[in-house]
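Shown next, in structure tokens, is the structure this report addresses.
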Amino acid sequence: MGISFIFFITLMKVRQYLLRILLAYRGWMYENVREVSLKTKLWGLTVKFVSGYQPSLYSCQRSLPRMPVPPLDETLSKLLDSLKPLCSEEEFKEYAKQANDFESSIGPRLQRLLYLKSWWAPNYVSDWWEKYVYLMSRCPLLINSNYYALDHYKWTPTNKQVSRAANVVHSILNIKRQIDREELPPLLLRNTIPICMAQYERLFSTVRVPGEEIDELLHFDSVESRHIVVWRQGLFYQQSIYDEKNQILSVALLEKLFQEIIDDADKHKESVSESERSVASLTGLPRTDWARFRKEYFTSGINKDNMDLIDKAVLLVILFDKCPENISSKGKALLHSDGRTLWSDKSVNICFFPDGQCGLNVEHSMADAPAMGHVWEYAMTMEVIEKRYLDNGQVMPPPKFFKQSNYSYPRRIIWDITDALEKEINKAVVFNQKNNDDLDLEIVNHNKFGKGIMKKARVSPDAFIQIALQLAYYRHSGRFCQTYEASATRLYQNGRTETVRSCTEDAATFVRAMVNGKLPKEELLKLLRAAGNHHQKLYRDAMNGLGIDRHLFALYIVSKGLGYESQFLESIIRRQWTLSTSQQPQQQIQANIPDINLEPFRTMCSPGGGFGPVSDEGYGVSYMLPTEYNIFFHVSSKKSCSTTDSRKFADILFKSMDDMRLLFDNSTLES
């Protein structure tokens, strides 16, 4: 028995280290998908064999390699290359001098400390990124940090709010149970290469608690977190999601309970003060202010009990009483609502409108968008491929043999609002609404062509859009700007994101040539493809841990920790990201899904989601390429900035994309 146990443990360890060695190979990423080498094919088969037939959610975690610390000289060289189109000759010379001084002075010492950390920590940068970029930020979460996601584009499976809420929440709770039991299949790139799934653990039952200097992420296990909190008309309700036999409440029962909550809230809203119905506004304040108020008013008595209920909830359900006028107003409702509704500290608020539309508001520090996007895609896909609703819009009744055990009914949460707290709530509402009114958000669908045309022209769709963004911004402002594109580093343990600096010298050369208009199409197309290839390499490097910005950030943190003052690192870290961009993943689920390119399913695709601008003088641009025929864009900016206009920028972007499309052949685009 003892020998068998030792043999089993030894075999497990050998498998773990063998898989780690295999996963360190990155040659597959730089090969054309249609022209894979024999070496890579054999490697892929070996990875599949060693990974096992059906790996569980976290079974490959310890086999993932640790993220490497890039060589210092390479990072500095790439940084200077990225600054060339952004700086004057004098500015560039100064940056080059500072980089040289840094490399010949404290740089190597800081680099050695990062090497040491990379040997013992699962990831040399992710813990610092979460702490210093997210949790130490003092900005309000709404608009500045949280992001939103939409449901289907023009298709809603039911026009009944409670029916949609019951079905979607039930799907989400089922996924949560799969995550808790580690039954959710891990994501595999090219159906072979496992990626880090650690972020899934905190998607639900998680709250970001404000602190005066730094926030704290709290995650509760399924023993403590057994309920959801539902918002309606400013009133909160606690609803247990399990019966006495630990089974998730049925869809039909959730539908009934949500309707009871709506009826009760609509009946009692007039008897509850406006301030009590606006408690959630406090979560939209700057973090230090909210921490102070939470400590003063919510750490004793009934308010503490209520706060504990919300903190420990699996998620929040928001049942709006007004429908959005259009898709852009829907995005604004999900991103910031009316300043008194969303509980921005919670990991996720699932929002439902009276006509059956829905969406998410997600707190960013606990996980990046692709993880929650995977869960949301599952919930939305199930509504497409399964019959979830009766012809009258109500949910399908449970099977005749199904019997729900005893369960709890919703309980309204009542706050103790003092005069002093009422004043702070009222001020918070005004503060939030001012920020909300300043956000300029446009969600637009580019349907003249999609990624199919770009691939035929042998240009990466992502690179095409990033170069189009550079062309649009140059036409818009007459200059280039520092651009952030998010890339994932989940090929490594605890990997999160890296920055792709997409305003490259090659992209700038193409943009200038397009604006100048003197070169023939053939030459312009060559420049476009050169810029696209360069962008693709930068993106792959970022995924492989060879980006610039996380390395520079980690060097900056080490320098601060040792008390060094580096003018070079300080100036680089504080440069503004005028364009902050991100492509959203689509179809992370691979099995049993319909082809979204088929005509009946095109209106069922999701436009994805978006976020606020990182810079007050810039734009936030999120985009999704769901089909071969269209692209969704989410463009955000601040109305208080005289030089930005989201609708105008989207129009220029579309014109730039159309002009680039005409380089491929002589066909004319329809107006």
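A few remarks follow.
- Summed over the stretch 568-618, residues that are hydroxyl-bearing (S, T, Y), in contact with a helix residue (DSSP H, G or I) (Cβ under 8 Å, 6 or more places away or on another chain) and either free of Cβ contacts under 8 Å to residues at least 60 places away in the same chain or surrounded by fewer than 18 Cβ atoms within 10 Å (Cβ to Cβ) (or both) total 1.
- Which listed residue is free of Cβ contacts under 8 Å to residues at least 24 places away in the same chain and either closer than 24 Å to E424 by Cβ or of a type in the set (F, W, Y) (or both), from E201, E276, E270, E212: E270
- The lone exception for L142 - which of (1) under 30 Å from L218 (Cα atoms); (2) hydrophobic (A, V, I, L, M, F, W, C); (3) touching a helix residue (DSSP H, G or I) at 6+ places or on another chain (Cβ under 9 Å); (4) surrounded by fewer than 17 Cβ atoms within 10 Å (Cβ to Cβ) it fails: (4)
- Hey, M454 in contact with a Phe, Trp or Tyr (Cβ under 7 Å, 6 or more places away or on another chain) and assigned by TED's automatic domain parsing to the domain that holds D616 or not: yes
- None of S51, S104 is of a type in the set (S, T, Y) and more than 21 Å from K560 (Cα to Cα) except S51.
Listed here are the residues, each with its yes/no results for (1) modelled with pLDDT of 95 or more; (2) under 19 Å from V362 (Cα atoms); (3) touching a Leu at 6+ places or on another chain (Cβ under 9 Å).
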site	(1), (2), (3)
I261	yes, no, yes
H268	no, no, yes
G284	yes, yes, yes
T288	yes, no, no
A313	yes, yes, no
I318	yes, yes, yes
G331	yes, yes, yes
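- For N191, the criteria (1) touching a residue at least 12 places away in the same chain (Cβ under 8 Å); (2) part of a helix (DSSP H, G or I); (3) not aromatic (F, W, Y) hold in every case but one, which is (2).
- Of residues in the stretch 196-219 being over 16 Å from L135 (Cα atoms) and among the hydrophobic types (A, V, I, L, M, F, W, C), the one surrounded by the fewest Cβ atoms within 10 Å (Cβ to Cβ): A198
- Just one residue in the set S365, S275 is among the small types (G, A, S) and within 22 Å of the chain's Cα centre (by Cα); that residue is S365.
- When the stretch 603-626 is limited to residues that are among the aromatic types (F, W, Y) and assigned to a strand (DSSP E or B), the one that is farthest from Y474 (Cα to Cα) turns out to be Y623.
The values are calculated or read from the model by the stated rules, or taken from the named source; none is laboratory data. Everything numeric here is computed off the predicted structure, so don't read it as measured data. Methodologically, a virtual Cβ is constructed for each residue, glycine included, from the backbone with ideal geometry; neighbour enumeration extends over all protein chains shown.
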